[in-house]
Structure formats: structure tokens, C-alpha cells
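Beneath this line is the structure, given in C-alpha cells, with notes to follow.
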Amino acid sequence: MSTRNLIVGISVLAIGSLVAFSSYAEDADKPYVVIDGKVDQATYNGYRRYGDACLRCHGPDAGGSSYAPDLTESLKHMTKEEVEGTIINGRKNVTTSQDNVMPSFGEVEDVVLYIDDIYGYLKARSDGALGRGRPQRIPVPPKN
Ligand code: HEC
């Protein structure tokens with residue numbers, strides 16, 4: 001093997017492991033902060049937005065209802081892209097005789113703008129990191 005080929009080979013390996021590492025880091029990364037049962041601002045905002053836009057169908061604490069699925073279960077097998085795609089585009093269940101519809105929120109600013117916060121809240125619930133009910137916020141240190 002020529003030196004040039006060797007260098008190319010090593011760079012390909014290095015890039016490969018970098019890519020592998022960053023996607024691992026992404027998976028391991030949690031989209032929420034929960035400390036002693038208290039949440040950061042983004043997760044709290046997600047809780048509030050969920051209450052405004054999703055609770056009436058998906059039930060309190062994302063636990064599901066007779067009409068719409070338990071999102072704490074859904075998020076165990078859906079990717080972030082799938083979850084956010086469903087929120088933006090909505091979905092109609094065509095596999096059962098029921099006529100349950102997930103509406104599209106693509107035009108709803110209060111959902112679209114805070115979609116990552118909503119995802120974070122749902123993920124915290126799904127991971128079991130956050131219990132039921134209104135979460136308490138991590139106190140923000142006073143500004144001097
Ligand atoms: C009008 C009732 C209604 C509202 C409001 C609603 N959903 Fe849904 N959602 C549904 C129904 C019904 C389904 C199941 C649709 C199907 O089976 O195709 C669903 C499915 C989903 C799924 C896919 C679950 C799975 O297991 O495949 C996600 C994720 C989801 N909703 C998130 C949300 C979020 C987040 C909000 C608030 C921004 C929201 N939904 C608001 C009714 C609703």
C-alpha cells in the first residue's frame with residue numbers, strides 16, 4: 001500500500017469513527033433536564049404546551065385515552081423525527097374501523113415553535129424520568 005493510500009485509509013477510518021461517535025452521543029443525549037424531580041424551563045414549557053394542545057385527546061400526563069394512544073409508550077419506539085413529523089402532518093388511522101384522527105399542527109404556531117420542548121417533555125415522561133402531574137421548575141438563580 002502506498003503512503004497516500006494509507007493516509008486516505010486512515011482518514012476514512014477516523015471520519016467513520018467520528019460519525020459513529022457523534023450518532024451515539026446524539027442517542028445518549030436526553031432532550032430534557034430533570035433534577036430531583038424538578039425540570040428546566042424548556043421541559044416545563046413542553047408540559048404547558050402539551051396541556052394546551054394535546055391533553056384533550058392524549059390524556060393527562062401523556063398517558064393516553066380511549067381516543068388517542070399513550071404517548072409514554074409511543075415514544076419508546078418512535079424516533080424524534082417520527083414524533084415531530086406526526087405532530088406537523090397529523091395522521092389518520094386507516095388500519096382499524098375506528099375513525100380516530102391525529103390533527104395536523106403544521107399551522108399552529110404555539111406548537112410548531114415549541115415542538116422540541118413538547119418532545120422533551122414527552123420523552124421525560126416516556127423514560128420514566130418525570131412523574132405525573134404539574135412538574136416543579138428548577139429554581140433560576142437570581143440575577144445580580
Ligand atoms: C383531536 C385529538 C388529538 C389531538 C389534539 C392530538 N392528537 Fe396525537 N393522535 C391522535 C390520534 C387519534 C392518534 C392515533 C392516530 C392513528 O392511529 O393513526 C394520534 C397519534 C399521535 C402520535 C403517534 C403515536 C403512535 O403510537 O404512533 C403522536 C406522537 C402524537 N399523536 C402526538 C401528539 C401531540 C404531541 C399532540 C399535541 C401537540 C397531539 N398528538 C394532539 C389524536 C390527537
13 Å beta-carbon shell around A53, net charge (K/R +1, D/E -1): -2
Average projection area in nm² (convex hull over Cα atoms of the range 33-137, one quarter of hull surface): 6.3 nm²
Accessible area (Å², per residue) of the range 62-144, counting only protein heavy atoms and a probe of 1.4 Å: 66 Å²
Summed side-chain charge close to R132 - residues other than R132 whose Cβ falls under 12 Å, Lys, Arg +1, Asp, Glu -1: +1
Neighbour net charge for Y32 - beta-carbon separation under 13 angstrom, K R +1, D E -1: +1
Accessible area of the range 33-144 belonging to carbon and sulfur atoms, whole % at 1.4 Å probe: 51 percent
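The values are calculated or read from the model by the stated rules, or taken from the named source; none is laboratory data. Computed from a prediction, not measured in an experiment: that's the story for all the values here. Because the Cβ atoms are built from the backbone with ideal geometry, glycine has one as well, and the counts that use them run over all protein chains shown. Note: accessible area is taken over every heavy atom of the protein model, side chains too, but ligands, DNA and RNA are not part of it. Shrake-Rupley method; radii C 1.70, N 1.55, O 1.52, S 1.80 Å.
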